[in-house]
Amino acid sequence: MDKLVIVFAKNPELGKCKTRLAVSIGDKNTLAVYKALIQYTAKILSKLKEDCVVFYSEDIQTDDLWDDANFQKQVQSQGHLGKKMQAAFEWGFHKGYKQVCIVGSDLFELEVSDIHDAFQALETHDLVFGPAEDGGYYLMGMSAFHPDAFKDKAWSTELVLKETLQDLKGKSFHLLKEKNDIDTVDDLKKYKKFHHFIPNKFLN
C-alpha cells in the first residue's frame, strides 16, 4: 500500500480538548462531544483500504476508540501545529508512502468519498486541500513532501488556507468541497445530534 491517511487526535481527557467549545458548553459536555467525533471519524476511516495512522496529542492508547486492528499509532511531535503536521508527513514519506493525507478528528461531515477524491486528485496534482468554512482546512494531502506548507502560518485563524496556498505558488493543487469542522458552539449548533449538549441560551 502506497497511500497513507494520518489523523490528528487529542487524547480525550476532561478539560484538555476543544477548549473554545468548552467555554460555551462546559468541559464534561465537550468531552462527550469530542468522543462522539472520534467515534465517527474512526468509523469512516475504518472503511478505507488505505493505511491509517492516528497521531495522539499526548500518549498512545490501546483498546480505545481507535481500533488497534485498523490504525497504526504514533504520538505528535512537540511544537506548534505546523511542526507537528510537518513531522507527521515526514514520518509517512520516510515509511515509503507515495501519497499522504492528513485529517482532523473534529469533522462530523467527513465521508469516505472525501478521502477517495483526495487521493484521486493527487494522481495529477502536487497537493490537495479540503477547505473548512472557518478559513482553515480539514484535509491536506501531498504526493511529495512540501515543507513550505507548514512554515510561518497563522495557525487556528481564518488565514491558514489562504497563506498556505500563497506559499505554494508554482505547485499544482486541487480543492475539495468546503465543509464545517467543529470548534465553537456555533459550529456545533448545525447538528441536531449534539443539541442536547448545548445550553438553551445558545440555541434560541
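The values are calculated or read from the model by the stated rules, or taken from the named source; none is laboratory data. All of these numbers come straight from a predicted model, not from anything done at the bench. Quick reminder, even Gly has a Cβ in these numbers, built from the backbone with ideal geometry, and neighbours come from all protein chains shown. Protein only, heavy atoms only, side chains kept; ligands, DNA and RNA dropped before computing areas. Shrake-Rupley method; radii C 1.70, N 1.55, O 1.52, S 1.80 Å.
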* Asked: In region 109-116, is there at least one residue being touching a strand residue (DSSP E or B) at 6+ places or on another chain (Cβ under 9 Å), of a type in the set (A, V, I, L, M, F, W, C), in a helix (DSSP H, G or I) and modelled with pLDDT under 95?
  -> no
* **Residues being over 18 Å from Lys98 (Cα atoms) and either acidic (Asp, Glu) or open to solvent by 10 Å² or more (accessible area, probe 1.4 Å) (or both) - total across region 108-122** => 6
* **Checking Gln120 against (1) in contact (Cβ under 8 Å) with a residue 12 or more places away in the chain; (2) not hydroxyl-bearing (Ser, Thr, Tyr); (3) not in a loop (DSSP other than H, G, I, E, B), the condition it does not meet** => (1)
* Asked: Quick one: which of Phe89, Phe55 is closer than 17 Å to Asp106 by Cβ and touching a Phe, Trp or Tyr at 6+ places or on another chain (Cβ under 7 Å)?
  -> Phe55
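Conditions tested, residue by residue: (1) among the hydroxyl-bearing types (Ser, Thr, Tyr); (2) part of a loop (DSSP other than H, G, I, E, B); (3) farther than 16 Å from Tyr138 by Cβ; (4) in contact with a strand residue (DSSP E or B) (Cβ under 9 Å, 6 or more places away or on another chain).
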| position | (1), (2), (3), (4) |
| --- | --- |
| Val53 | no, no, yes, yes |
| Lys73 | no, no, yes, yes |
| Ser77 | yes, yes, yes, yes |
| Ala88 | no, no, no, yes |
| Ile102 | no, no, no, yes |
* Could you grab me the full set of residues in region 62-78 that are on the phi < 0 side of the Ramachandran plot and open to solvent by 50 Å² or more (accessible area, probe 1.4 Å)? => Thr62, Leu65, Asp67, Asp68, Ala69, Asn70, Gln72, Gln74, Val75, Gln78
* Within region 24-34, identify whether any single residue is within 17 Å of the chain's Cα centre (by Cα), modelled with pLDDT of 95 or more, surrounded by 15 or more Cβ atoms within 10 Å (Cβ to Cβ) and within 30 Å of Ala121 (Cβ to Cβ), and answer yes or no. => yes
* Asked: Between residues in region 12-34 that are part of a loop (DSSP other than H, G, I, E, B) and residues that are among the charged types (D, E, K, R), which pairs lie under 6 Å by C-beta distance while being six or more apart or on different chains?
  -> Pro12/Lys35; Leu14/Asp27; Gly15/Asp27; Cys17/Lys10
* Of the residues in region 123-137, how many are open to solvent by 10 Å² or more (accessible area, probe 1.4 Å) and modelled with pLDDT of 95 or more? -> 5
* **Top-ranked residue in region 175-200 [being closer than 23 Å to Ile115 by Cα and acidic (Asp, Glu); ranked as surrounded by the fewest Cβ atoms within 10 Å (Cβ to Cβ)]** => Glu178
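Table: residues versus (1) over 18 Å from the mean Cα position of the chain (by Cα); (2) touching a residue at least 40 places away in the same chain (Cβ under 8 Å).
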{"site": "Phe150", "(1), (2)": "no, yes"}
{"site": "Ser156", "(1), (2)": "no, yes"}
{"site": "Leu168", "(1), (2)": "yes, yes"}
{"site": "His174", "(1), (2)": "no, yes"}
{"site": "Glu178", "(1), (2)": "no, yes"}
{"site": "Asp183", "(1), (2)": "no, yes"}
{"site": "Lys189", "(1), (2)": "yes, no"}
* Give the residue, chosen from Asp51, Asp63, that is at pLDDT 95 or above and over 25 Å from Asp187 (Cα atoms). => Asp51
* To do: Test Ala144 against the criterion of being of a type in the set (A, V, I, L, M), in a loop (DSSP other than H, G, I, E, B), open to solvent by 10 Å² or more (accessible area, probe 1.4 Å) and at pLDDT 95 or above, and give yes or no.
  => yes
* To do: Give the residues of region 158-174 that are open to solvent by 80 Å² or more (accessible area, probe 1.4 Å) and not in a loop (DSSP other than H, G, I, E, B), sorted by residue number.
  => Lys162, Gln166, Phe173
